[in-house]
Structure formats: structure tokens, C-alpha cells
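Asks: Have a look at the structure that comes next, please.
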Amino acid sequence: MKFPRLFSALLVVGAALFLGACSKQSASAGGPAAPAKIKLGFLVKQPEEPWFQYEWKGADKAAAQHGFELIKIGVPDGEKTLAAIDSLAANGALGFVICTPDVRLGPAIVAKAKANNLKVITVDDRFVGADGKFIESVPYLGMSATKIGRMSGATLAEEMKRRNWAAADTAACIVTFEELDTARERTDGIIAALKEAGFPADRIFKAPQKTTDIPGSFDAANALLAQKTGIKNWLVAGMNDTATLGAVRATEGNGFKAAHVIGVGINGTDCLDELRKPAPTGFYGSIYASAPYEGFRTAELLYFWVKDGTQPPLDTRTDGQLITRENFEALLKAEGIL
Ligand code: FCA
């Protein structure tokens, strides 16, 4: 009976093939191995600042949406920045977004990225070259600094008008950090808008901060307040919420009640606890710019660049809007911050 024997042999071969296929399936845990995810870095100078935490949050969202892996590293100084770039390369990353701790590190960061074959996008603080000019070949995304500064200055002037303060009783304390271009553009914008609103130029005082944190702006404003006596009301602003918060704390320390202080910040992310305080403080409001959007967009642009070779735009600016105790909850809920 040749035919049945052949038939059963075929059955055996068939069963073996079937079992083999099954065992292969189970070895790869239910399907073909997933391709390795693209890895990208996101380096920020001040990871303790809510602004940068929200930026990271936005970048995480881009990573989840597009399916890449995000490596977040805090880089408070030059040494840590250069080491972080090496470690990204060693981990197989293909590029990074960075807010550098010092814009003059730009050329060193570009060189290190090139040596490691990594693509770079800058966020917030734009690289400056050895010639003192922006390194325009590196894609940049950041706030429209002058415009947002002007919004802060106009807000100060409007609120002063609403409170019926006389210019002769009032002075402006502008906390500055002029070595950083985006900071200088913002504080110049504040001062320009104040002057345009008719505020006397000789009552606008700069208080240079040595460090861009609350102690830095507190010390700067404190030194100014000690010098300028006989002032009844203070307008207070700076390059970000932290600058204004430190200066508002200094006015409190010098005996100014909240009703005699109008503080306006920039960022809108680092003043939420302040705006939530049951009683209003001298911190009136902030010009909110979207940190989550900036994080999301820069991470996404980098991903498209690495994956498809799509060159990101070289200069993208984001806008701002005023938040106060009255509207911040609703506005930031809509933004996904709260
Ligand atoms: C700078 C400031 C941050 C934020 C950012 C947009 O990096 O230090 O607080 O304002 O620009």
C-alpha cells in the first residue's frame, strides 16, 4: 500500500513544519521583533525650573506620539553639557534639543555634536559664535522676546493707570540679565513699552541679576531698593517669572505692601503657586508662553530631521498672552498645563 504510506509521511512532514512554525512564533514572543526606536536627547540648563519641566513634558508627548525614545538630561554647566553629548552618542542617540547653560558654549557644542554625528536644535537660548553673533545655521525655536517683553511693559503701565498711581510716586525695578540675548531683548522690550506709555525714563531702574534664580533676582532688587528711597509704588519686571518673583520678595522685605507693587513675569509656568496664594501678592501676572508646545515642537522637528532628513526651520518664534489671578486657571487648563 504505497499511497497511504506516502500520505502519512506527508502528514508527518506537515506536522513538523507546523510545529516548527509555532515554536518560532513563541520564541519571538508573538510576532517579529520590533525595530529599535530612534533615540533623541533633550538637554536643559535649569531642570529645577518649572518652565523646563513643562518643556520636557511636551517633548515626552512628542516621543509617545511618534514612537521615539527621549533621553532627558539636566546640564547646569559646560562640563556637564559636553559630557552629556558624549553619553548620548554612546547610548546610540541620533540628535538632541538643547537649552544651553551658556550661549557662548555654542561653538563647542556644535563641534562635539558634529564629532559624534548628532543633529542639534536649540530651544529658548540661541547659540552665540566666537564673533559674538548668533549661530544662525543651528535651528532655533524660542519666544518672540522683544514682543513678549513689550507685553509685560504695557501690562505694567495699564495696571498702574487702573490703580491711578502718579508717576511721581512710582518707579520701575527691571531685573536684567543682559549677557543672555533673549533676556536682554525682553527687558529692553519692557522698558521701551513703559516709555511709550509715557512712564518717565528717569524713573526706570535696572537691577542686574548675577544668577538667574530667585536668590539672584532678590539680591539684585534688594540692592536697588536700598538705594532708591522715597518711592511709594514699585513696578517690577524681569526676563522671566523667577526674576520678578525674587524682586517682589525684595519689595516685601523692604516693607512694601502688595497694593503698592505691580509685578509682571514672563513664562507663566513658574508663578502658579504665587497666583494660587489666597491673598494677592505684588505679583500681578505673567506673560505666558507655551513651554509644552516648545518642547513638543522642537522634539518633533528633530525627530523628522533624523528620520526623514526634513530640515527644520532655522528660526521659529512663539507668542505670549497675559495671565493673572483671574484667568490663569482657565487658560492653563486649556493649554494642558493644569
Ligand atoms: C530662558 C529663561 C527661561 C525661559 C526661557 C524661554 O531660557 O531662562 O526661564 O524664559 O528662556
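Every read-out reported here was derived from the displayed coordinates using simple, explicitly stated rules and does not represent laboratory data. Everything quoted here is computed from the prediction, not taken from an experiment. All Cβ positions, even for glycine, are placed from backbone atoms using ideal geometry, and neighbour counts span all protein chains on display.
Asks: Note the angle between two axes, namely the Cα long axis of helix 241-253 and the longest principal axis of the Cα atoms of the chain, as a number of degrees from 0 to 90, rounded to the nearest 10.
Replies: 40 degrees
Asks: Would you mind working out the magnitude of the charge dipole of the chain relative to its Cα centre, with +1 at each Lys and Arg C-beta and -1 at each Asp and Glu C-beta, to the nearest 20 Debye?
Replies: Details: 38 positive and 38 negative charges, 204 e Å.
Dipole magnitude for the chain comes out near 980 debye.
Asks: In this model, which of Lys210/Lys333; Lys37/Lys147; Lys133/Lys206; Lys195/Lys232; Lys57/Lys228; Lys45/Lys119 are farther than 30 Å apart at the alpha-carbon?
Replies: Values: Lys210/Lys333 34 Å; Lys37/Lys147 39 Å; Lys133/Lys206 24 Å; Lys195/Lys232 19 Å; Lys57/Lys228 42 Å; Lys45/Lys119 18 Å.
Flagged as over cut-off: Lys210/Lys333; Lys37/Lys147; Lys57/Lys228.
Asks: Evaluate the Debye formula for the chain with equal point scatterers sitting on the alpha carbons, no solvent, and hand back log10 of I(q)/I(0) at q = 0.11 Å⁻¹, in q order, two decimals.
Replies: So the normalised log intensities are -0.74.
Asks: Here's something else I'd like to know. List every residue whose amide H lies under 5 Å from the amide H of Phe42, counting only residues 5 or more places away in sequence or on a different chain, with H placed 1.01 Å from N in the peptide plane.
Replies: Ile71, Lys72, Ile73, Val97
Asks: Sticking with this structure for a sec: Sequence gap at least 6, Cα distance under 8 Å: using those rules, report the relative contact order of the chain to the nearest whole percent.
Replies: For the chain, the relative contact order is 18 percent.
Asks: Next question. Nearest-5 percent of antiparallel DSSP beta bridges in the chain? It would help to have the intermediate numbers written out before the result.
Replies: Values: 5 of 46 bridges.
Here the share of antiparallel DSSP bridges comes out near 10 percent.
Asks: Still on this structure, please answer the following. As a test of the formula, what do you get for the chain when each DSSP H run with n ≥ 4 contributes -39,500 (n - 2.57) and the sum is divided by the residue count, at 222 nm and rounded to the nearest 500 deg cm²/dmol? Walk me through the intermediate numbers first.
Replies: Working: 11 runs with 157 residues, N = 338.
My calculation for the chain gives -15000 deg cm²/dmol from helical runs alone.
Asks: Would you mind checking which residues have amide H under 5 Å from Asn327's amide H? H placed 1.01 Å from N; only 5 or more apart, or other chain.
Replies: none
Asks: With a 10 Å radius around each residue's Cβ, average the other Cβ atoms per peptide and rank 262-269, 78-85, highest first.
Replies: Details: 262-269: 28.5, 78-85: 17.2.
Top of the packing list down: 262-269, 78-85.
Asks: Can I ask one more? What is region 145-288's relative contact order, in percent, from Cα pairs under 8 angstrom and six or more apart in sequence? Write down the numbers at each step before the final one.
Replies: On the way: 309 pairs, mean separation 36.7, N = 144.
It rounds to 25 percent for region 145-288.
Asks: Something else: Given H placed on each backbone N at 1.01 Å, which residues far from Gly263 in sequence or on other chains put an amide H within less than 5 Å of it?
Replies: Val236, Phe283, Tyr284, Gly285
Asks: Find which of Tyr293, Gly265, Thr251 sits farthest along the positive direction of the dipole of the chain, computed with +1 on the beta-carbon of Lys and Arg, -1 on that of Asp and Glu, about the Cα centre.
Replies: Tyr293
Asks: Another question, then. How do the peptides 133-141, 195-203 rank, highest first, by the average count of neighbouring beta carbon atoms within 10 Å per residue? If you can, show how the numbers build up before the last one.
Replies: Numbers: 133-141: 17.0, 195-203: 12.6.
Order by mean packing, descending: 133-141, 195-203.
Asks: If one computes the Cα centroid of region 311-337 and of region 187-257, what distance in Å separates the two points?
Replies: 24 Å
Asks: Calculate one ³J(HN,Hα) per residue across region 86-91 by plugging θ = phi - 60° into the Karplus curve 6.51 cos²θ - 1.76 cosθ + 1.60, and present them in order as whole Hz with x for glycine and proline.
Replies: 4, 5, 4, 4, 5, 8
Asks: Springs between alpha-carbon atoms under 10 Å, Gaussian network over the chain: tell me which of Glu294, Glu49, Glu179 tops the mean-square fluctuations.
Replies: Of Glu294, Glu49, Glu179, the most mobile in the Gaussian network model is Glu179.
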